[in-house]
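Remarks on the structure that follows.
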Amino acid sequence: MKIKVFAPTNLAFIKYWGKKDAKLRIPANSNLSVCLDRLGTITEIEFDKKFSEDSVEIDGKISEGRERDRVVKHLDRIRNLAKVELKAKVVSKNNFPKSAGLSSSASGFAALSLSGSKAIGLNLPEKDLSRLARIGSGSACRSISSGWVEWVKGDDDKNSYAYSIFDEKYWDLRVLVVILSLKRKRVETTDGHKVARTSLFFKTRLENVEKRLEKMKRSIEKKNFSELGELMELEALSMHAVMLTSKPNLVYWLPETVRVIQAVQDWRKERLESYFTINTGQNVFVVCKPKDEDELMEKLEKIKGVIEVKKDRIGKGARII
Ligand code: DP6
């Protein structure tokens with residue numbers, strides 16, 4: 001059977017940075033994200049006896065090396081679950097630039113897990129799909145369910161998965177994706193995770209991050225935007241403090257990144273309220289209320305070095321299209 005799915009990328013407000021188990025991708029801390037509505041990956045997959053080997057195409061190019069290996073390994077997991085040996089043809093397309101801090105691995109592995117499991121005849125419940133996606137790329141487990149999603153860290157393969165705490169309609173916030181460079185990031189995320197523990201600040205972060213998660217959940221329950229935003233910024237800076245002090249150190253920011261951070265903070269003083277977060281990479285995500293979206297977009301586009309600003313909102317999880 002040929003199956004086509006869309007999986008959104010997601011934006012972490014409490015980050016996954018550092019793993020307890022690298023192979024199973026068990027995170028060091030529980031974390032929280034929102035699924036985006038438009039930005040994501042469309043994947044079409046077919047298993048058939050006419051294929052003598054797996055073929056993987058991403059964004060119009062045949063995958064090779066590490067990228068291909070990661071996909072083929074995931075296909076093997078799906079084949080093992082279904083006890084089927086057929087080879088597959090995978091064609092995947094991201095509607096945003098890959099490797100620029102926009103979590104293409106999150107939407108990519110969520111899309112591959114849903115499409116692959118369906119195409120091979122499995123009908124996995126949401127929890128098991130999330131677990132499967134997690135082994136492909138940790139953050140992918142948060143792109144299966146809709147809206148506001150918590151990944152409970154757990155301590156083994158069975159109890160580490162993500163689920164929706166509020167659906168996409170619960171609270172209409174907007175996300176402006178500020179693209180500052182289309183270059184691939186300097187260090188791949190998976191390699192970054194490996195050095196997280198070498199930072200002096202990692203332990204301190206770990207002692208505090210779950211308290212922050214609980215506080216953030218309360219701010220979401222109350223729909224208190226200022227509280228949510230302040231926690232979101234503190235969290236992004238706390239993750240980058242770990243990155244900056246790891247061995248080797250990871251400096252993902254560009255001068256333009258700092259320019260956007262400071263602009264957002266200055267505008268707040270003028271009562272235009274928005275908050276930033278950043279992943280691995282140079283690009284900045286600005287979260288705001290719907291009424292301020294257009295004004296912020298206009299202002300962001302005028303900042304020197306901004307290539308493009310993409311508008312998005314909170315959306316549903318992975319689905320068949
Ligand atoms: C900074 O899920 O991409 O975006 O499990 O090695 O594939 P792997 O890592 P990945 O890490 C995401 C890191 C982050 C923060 C986050 O999304 O929580």
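The values are calculated or read from the model by the stated rules, or taken from the named source; none is laboratory data. What you are looking at is a predicted structure, and each value in this text was computed from that prediction instead of being measured. A quick note on method: Cβ atoms are made from the backbone with ideal geometry, for glycine too, and the neighbour counts reach across all protein chains shown. SASA here: full protein model, heavy atoms, side chains in, ligands and nucleic acids out. Shrake-Rupley method; radii C 1.70, N 1.55, O 1.52, S 1.80 Å.
Assorted remarks:
- Yes/no for L300 being at pLDDT 95 or above and within 16 Å of the ligand (Cβ to nearest atom): no
- Looking across I45, I14, I26, I3, one residue alone is of a type in the set (A, V, I, L, M, F, W, C), crowded, with 18+ Cβ neighbours inside 10 Å and within 9 Å of the ligand (Cβ to nearest atom). It is I14.
- Residues that are open to solvent by less than 80 Å² (accessible area, probe 1.4 Å) and of a type in the set (S, T, N, Q) were ranked within region 241-276; the one that is farthest from G229 (Cα to Cα) is S246.
- Within region 71-101, tally of residues that are open to solvent by less than 10 Å² (accessible area, probe 1.4 Å) and either under 21 Å from R25 (Cβ atoms) or at pLDDT 95 or above (or both): 6
- Note on region 1-113: enclosed strands (runs of 3 or more DSSP E) holding 2 or more residues that are touching a residue at least 40 places away in the same chain (Cβ under 8 Å) and of a type outside the set (G, A, S) are 2-14, 19-21, 31-48, 87-94.
- Meets criteria (of a type in the set (A, V, I, L, M, F, W, C), within 16 Å of the ligand (Cβ to nearest atom) and under 26 Å from I58 (Cβ atoms)) for L180: no
- Subset tally (residues that are under 27 Å from D54 (Cβ atoms), more than 11 Å from the ligand (Cβ to nearest atom) and in contact with a Ser or Thr (Cβ under 6 Å, 6 or more places away or on another chain)) for region 142-162: 2
- Test result for E214, closer than 29 Å to L129 by Cα, open to solvent by 50 Å² or more (accessible area, probe 1.4 Å), more than 17 Å from the chain's Cα centre (by Cα) and not assigned by TED's automatic domain parsing to the domain that holds K127: yes
- The set of residues in region 110-136 that are open to solvent by 20 Å² or more (accessible area, probe 1.4 Å) and within 16 Å of the ligand (Cβ to nearest atom) comprises R131, I135.
- For the criterion of being within 14 Å of the ligand (Cβ to nearest atom), in contact with a strand residue (DSSP E or B) (Cβ under 9 Å, 6 or more places away or on another chain), within 19 Å of I314 (Cβ to Cβ) and open to solvent by 10 Å² or more (accessible area, probe 1.4 Å), S139 passes.
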